[in-house]
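J.: Can you read through this structure? Questions will come right after.
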Amino acid sequence: MALLRSPAPAALRRKHRREALRTLAFLAPWLIGFGTFFAYPLLSTVYFSFMKYDGFTAPVFTGLKNWDYVLTKYPFFWQGLGNTLWLVLVMVSLRVVFGLGIGLLVTKVRTGAGFFRSVFYLPYLAPPVAATMAFAFLLNPGTGPVNHLLGGLGLPRPGWFTDPDWSKPALTMLALWGIGDLMVIFMAALLDVPRAQYEAAELDGAGPWQRFRYVTLPNISPIVMFAVVTGVIQTMQFYTQAMVAGKVASGVIGGSGQPFEPGYPHGSTWTLPQMVYSLGFQRFDTGSACVVAVILFIISMAFTSLLLRRKSAFLSGE
Amino acid sequence: MTTTSALSVPLPARSAQARVARRKAVLSWVGIHSLAIAAALFFLLPFVFVFLTSVMSDRQALTSQLWPAEWHWGNYARVWHTPGFLTWWRNTLLYAAAGTALTLLSSLPVAYALAKFRFRGRNTALMAVISMMMLPPQVTVIPMYLVWAKQFHLTGTLWPLIIPMAFGDAFSIFLLRQFLMTIPGEYLEAARMDGCGELRTLLKVVLPMARPAIAAVALFQFFYCWNDYFGPQIYASENPGAWTLSYGLESFKGAHHTDWNLTMAATLLVMAPVITIFFFAQKAFIEGVTLTGVKG
């Protein structure tokens, strides 16, 4: 019996081992990348958050001192978190509503549909630095075309990127200009809604608003959820536009000029990623920069896990 | 009489109904297209104003006039011949081309394994990919910078940005995996029956079928590198010879403080390649974006 049975498991085991090796070979680049560019620096960031380190002399363990500094003494942390909350509440929700609206519009347009779709999508592709530069010009309070037109209409002319009350709304306008990604995602979702449901609703005498409320919305709600959660994650990373707008508006720019402190004007555009840069690369306070990085990581992962839970059905699906 | 009236009554009623329906359709056509035109203005006018300012004279660019009095096309040549501009251009191309090629080479096998191999920990691996995708680059930048500066002495170059792309890019892996999931297993089985190894199957069967997804990933990655500001700011800022267009554009504004015309010409020159590529590869893009959103 044993003699008869043994060849099969041995062959099977060989096959299994071969398959495992093959899988490992295919995954190898990413496994190395995961270890080197994700796991190692992440652990290292946590480690440095408990160290006093300026990047030059040897790191010294200081316990929770950096954490205490960031949470209770660093003047920008809570302000930056507040800005992020503002951006999540206003920018993300406006982007979702506007993206859905533009997506709906694009599915309804009969004439020139291709033209409109391209035009609505195009600004999303503009490189962020270039797009921010363009808006810094359009919205500059002195000679910008927007204030010129507002003045012509007899409307107030805000200071936009130079006014702490208007800098976040200006960044929001820039984000709405680049709505192309959400437009395409919503467009695809809207085209997937079964036509029969609209016809049935119409037979029941449902008007356009009721059809939207009781047919469209329930069908696309997973995509709306996806857009909200990825929007929050993107907002946690908000960096380039805020920094470039601040630099241009304050007039402090240049690779070799005086250092620019992010947040201009009056800290109204501070975000957590900019703090990592400012603390780590301008003030050489590696420990405190790592504290902000760890906090940024925790918040981002909390929202990512939300996304993973919502998507678990499709993740395991074959 | 009664029969004729009974017969004739519905007819005008139906045509009246049809007229109402047609009028409604025309009205909704007009409404929808007016909205679309208004939206198109919102998306296009920034480009128009930027362009109009980019061809103004230096003096006129200081005013709030909207229309150029004279058309100074030479502004574009002035920007092009700014010291450094060509270097930034070359560096950006190198970063984007090398980054894209390495990303594709390293990400495709990983995506294939995640989509088509059965192994323990596959779902965990996929979760890890998505987590990496959502990770703000600032979280890991400090230890990474220390490694590149102290172990490899590569700060002041773009290599710290290019080399990691040889080890898989989470977003590209995810997008390719989503597409490879849609390839029916029968094709792979047939290839294996013909005696193809996994690598041969990937190259001969999967690669040709996955061309749209590969095109989308290549475009996204190219654009990611082209647009990247944070990476070059961290690693390349100390050496102007390694600056990219995104980073250089900012310093260009610094050097030409009040010259909005030149800054806007430079801005358009930075946008131009991306916009040109988009017009040639629109379909691949839009398919790519929809692949990243989930169905249902």
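The values are calculated or read from the model by the stated rules, or taken from the named source; none is laboratory data. In this text, all values refer to a predicted model and were calculated from it rather than measured experimentally. Reconstructed Cβ throughout: ideal geometry from the backbone, glycine too, with neighbour counts over all protein chains shown.
J.: Mind checking which residues of the stretch A:75-98 are more than 15 Å from the chain's Cα centre (by Cα) and under 29 Å from B:Ala40 (Cβ atoms)?
T.: Matches in the stretch A:75-98: A:Val97, A:Phe98.
J.: Okay, moving on. Name the single residue, out of those in the stretch A:242-256 being assigned to a loop (DSSP other than H, G, I, E, B) and of a type outside the set (A, V, I, L, M), that is modelled with the highest pLDDT.
T.: My answer is A:Gly251.
J.: Scan (1) at pLDDT 85 or above; (2) more than 28 Å from A:Thr111 (Cα to Cα); (3) not in a loop (DSSP other than H, G, I, E, B) for the single condition B:Ala6 breaks and write down its number.
T.: Of (1) at pLDDT 85 or above; (2) more than 28 Å from A:Thr111 (Cα to Cα); (3) not in a loop (DSSP other than H, G, I, E, B), only one is false for B:Ala6: (1).
J.: On to the next question. Quick one: is A:Leu203 more than 21 Å from B:Phe49 (Cα to Cα) and not aromatic (Phe, Trp, Tyr)?
T.: So A:Leu203 fits the description; yes.
J.: Now for a separate question. Identify all residues within the stretch B:37-76 that are more than 9 Å from chain A (Cβ to nearest Cβ), part of a helix (DSSP H, G or I) and of a type in the set (S, T, N, Q); write none if there are none.
T.: B:Ser54, B:Gln60, B:Asn75
J.: Then there's this: Mind checking whether some residue in the stretch A:222-234 is of a type in the set (Ser, Thr, Tyr) and exposed (fewer than 13 other Cβ atoms within 10 Å of the Cβ)?
T.: Checked against the condition, which is being of a type in the set (Ser, Thr, Tyr) and exposed (fewer than 13 other Cβ atoms within 10 Å of the Cβ), the stretch A:222-234 yields no hits at all.
J.: Another question about this same structure. Considering the stretch B:46-88 alone, what residues qualify as being small (Gly, Ala, Ser), under 21 Å from B:Ser246 (Cα atoms) and surrounded by 20 or more Cβ atoms within 10 Å (Cβ to Cβ)?
T.: B:Ser54
J.: Do you know which residues across the stretch A:72-83 are part of a helix (DSSP H, G or I) and either without any contact (Cβ under 8 Å) to a residue 24 or more places away in the chain or out of contact with any Phe, Trp or Tyr (no Cβ under 8 Å at 6 or more places or on another chain) (or both)?
T.: A:Thr72, A:Lys73, A:Phe77, A:Trp78, A:Leu81, A:Gly82
J.: What's the number of the condition A:Tyr239 fails, among (1) modelled with pLDDT of 95 or more; (2) more than 8 Å from chain B (Cβ to nearest Cβ)?
T.: A:Tyr239 satisfies all of (1) modelled with pLDDT of 95 or more; (2) more than 8 Å from chain B (Cβ to nearest Cβ) except (2).
J.: What are the residues in the stretch A:286-304 that are small (Gly, Ala, Ser), farther than 16 Å from A:Val70 by Cα and touching a residue at least 40 places away in the same chain (Cβ under 8 Å), if any?
T.: The answer is A:Ser300, and nothing else.
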